[in-house]
Amino acid sequence: MPELPEVEALADHLRRHAVGLTVGRVDVAALSVLKTFDPPTTALHGREVTGANRWAKYLGLQVGDLHLITHLSRAGWLRWSDKLSAAPLKPGKGPIALRVHLGTPGEGAGFDLTEAGTQKRLAVWLVDDPAKVPGIAVLGPDALTLDLEGLAAALKGNTGRIKSVITDQKVIAGIGNAYSDEILHVARLSPFATAGKLTEGQLNALHDAMITVLTDAVTRSVGQQAATLKGEKRSGMRVHARTGLPCPVCGDTVREVSFADKSFQYCATCQTSGKVLADRRMSKLLK
């Protein structure tokens, strides 16, 4: 799933390549991705792109006074092309959900919003105010703008596990499964630690790790072509998606805890004083 660094890089790519161009046509191949119908996507035709923005993990293309906003969810992506085909998309065929032509269709650049897999969660809104997107309206403070005092306030009294809490977009916006693994590894915190019971030292370590990990990822991602961002993200990971490989800090084996539809990775030596966390999937297999 694209998280804060990748979405910021995609917004930067659109600022550098799309701003100043005119929307020639918007093709919708999957009506289910559209969560708003007024104004229609045809309202964008003939209008100039004036900006691109990010709200946590939401990506927006600003076209005059309108915002075309998408949440890429788990399997969505933005695919840029310097020259798109003018042929209309066939509904329900292939991974492309929506296409934006910039300039004359068939002659100009543009991008596709695509989604792989069978679980279709990609969502698109066309609004005159980003706050009209339900998910944006309830976002917590952005992870990159949250200071130490703000982090302490966000976690105060929270009885949830820190892994779950920092990925709750209503608490802290922009962090997902992958970067939470990385942040907790750098902070040397157990994913199962209680969020509201962190010591002052642990809070400091968590805040430093959050800013460091995300800033480094943004730095590595911004300027990349959209097609190379996923590879860049994977190459920078220390523990996430590295189950069975050695921890780059201590050399211990990176371990995994699996749930119904997702998993996370951690280093027992660095994060849990050597304690191996219970993996519900493995526990069921052993019964």
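The values are calculated or read from the model by the stated rules, or taken from the named source; none is laboratory data. Quick caveat: nothing in here was measured; it's all calculated off a predicted structure. Glycine also receives a Cβ, built like all others from the backbone with ideal geometry; neighbour counts cover every protein chain displayed. For accessibility, only protein heavy atoms count, side chains too; no ligands or nucleic acids. Shrake-Rupley method; radii C 1.70, N 1.55, O 1.52, S 1.80 Å.
Rounded to the nearest 20, the Cβ-based charge dipole of segment 30-186 about its Cα centre (Lys and Arg +1, Asp and Glu -1) stands at 640 debye.
Ranked by the mean number of other Cβ atoms within 10 Å of their residues, highest first, the peptides 271-278, 147-154 come out as 147-154, 271-278. Would you work out if segment 76-117 is rounded, prolate or oblate? Take a ≥ b ≥ c from the square roots of the eigenvalues of the alpha-carbon gyration tensor; rounded if a/c is under 1.5, else prolate when a/b is larger than b/c, oblate otherwise. Taking the square roots of the gyration eigenvalues as a ≥ b ≥ c, segment 76-117 is oblate.
With a threshold of 22 Å on the Cα-Cα distance, the over-threshold entries among LYS90/LYS262; LYS57/LYS170; LYS156/LYS233 are LYS90/LYS262; LYS156/LYS233.
Using only the C-alpha atoms, the convex hull of segment 124-173 corresponds to 94 Å³ per residue. Computed over every Cα-Cα pair of the chain and binned at 10 Å starting from 0, the pair-distance distribution P(r) comes out as 6, 27, 31, 21, 12, 3, 0 percent.
Sorting 213-219, 39-45 by their mean Cβ neighbour count within 10 Å, with the most densely packed peptide first, gives 213-219, 39-45.
Residues whose amide H falls under 5 Å from that of ARG47, counting only those 5 or more places apart or on a different chain, are VAL23, with hydrogens built in the peptide plane. Backbone amide hydrogens, once placed in the peptide plane, bring ASP142 within less than 5 Å of ALA173, excluding anything fewer than 5 places away on its chain. Heavy-atom accessible area with a 1.4 Å probe sorts PHE111, PHE192, largest first, into PHE192, PHE111. For segment 183-273, a/c is not less than 1.5, where a ≥ b ≥ c are the root eigenvalues of the C-alpha gyration tensor, and a/b does not top b/c. That puts it in the oblate class. Rounded to the nearest 20 debye, the dipole size of the chain about its Cα centre is 1160 debye, using +1 on the Cβ of Lys and Arg and -1 on the Cβ of Asp and Glu.
Karplus-based coupling profile of segment 55-69, in residue order and whole Hz: 10, 6, 9, 9, 10, x, 9, 8, 10, x, 9, 10, 10, 8, 10, with θ = phi - 60° in 6.51 cos²θ - 1.76 cosθ + 1.60 and x standing for Gly or Pro. Net charge in the neighbourhood of ALA217 (other residues with Cβ under 11 Å of its Cβ; Lys, Arg +1, Asp, Glu -1) is -4. The residue among LEU229, SER263, SER164 whose Cα reaches farthest toward the positive pole of the charge dipole of segment 148-267, with charges on the beta-carbon of Lys, Arg, Asp and Glu, is SER263. Estimated purely from DSSP H runs of n ≥ 4, each contributing -39500 (n - 2.57), the mean residue ellipticity at 222 nm for the chain is -8000 deg cm²/dmol once divided by its residues.
Derived value for segment 4-132: Kirkwood hydrodynamic radius 14.4 Å. Basis is the mean of 1/r over every pair of different alpha-carbon atoms. Close amide H contacts of ALA52 (hydrogens built in the peptide plane, cut-off under 5 Å, sequence separation of 5 or more or a different chain): GLN62.
Couplings 3J(HN,Hα) for segment 179-191, derived from phi with the Karplus relation 6.51 cos²θ - 1.76 cosθ + 1.60 (θ = phi - 60°), are 6, 5, 4, 5, 4, 5, 5, 5, 7, 6, 10, 5, x Hz, where x marks Gly and Pro.
With the convex hull of its Cα atoms as the shape, segment 117-215 has an orientation-averaged projected area of 7.6 nm².
Phi angles across segment 2-15 convert, under the Karplus curve 6.51 cos²θ - 1.76 cosθ + 1.60 with θ = phi - 60°, into 3J(HN,Hα) values of x, 10, 3, x, 5, 5, 4, 5, 5, 4, 4, 4, 5, 4 Hz, Gly and Pro given as x. Reducing segment 1-53 and segment 255-273 to their Cα centroids gives an inter-centroid distance of 36 Å.
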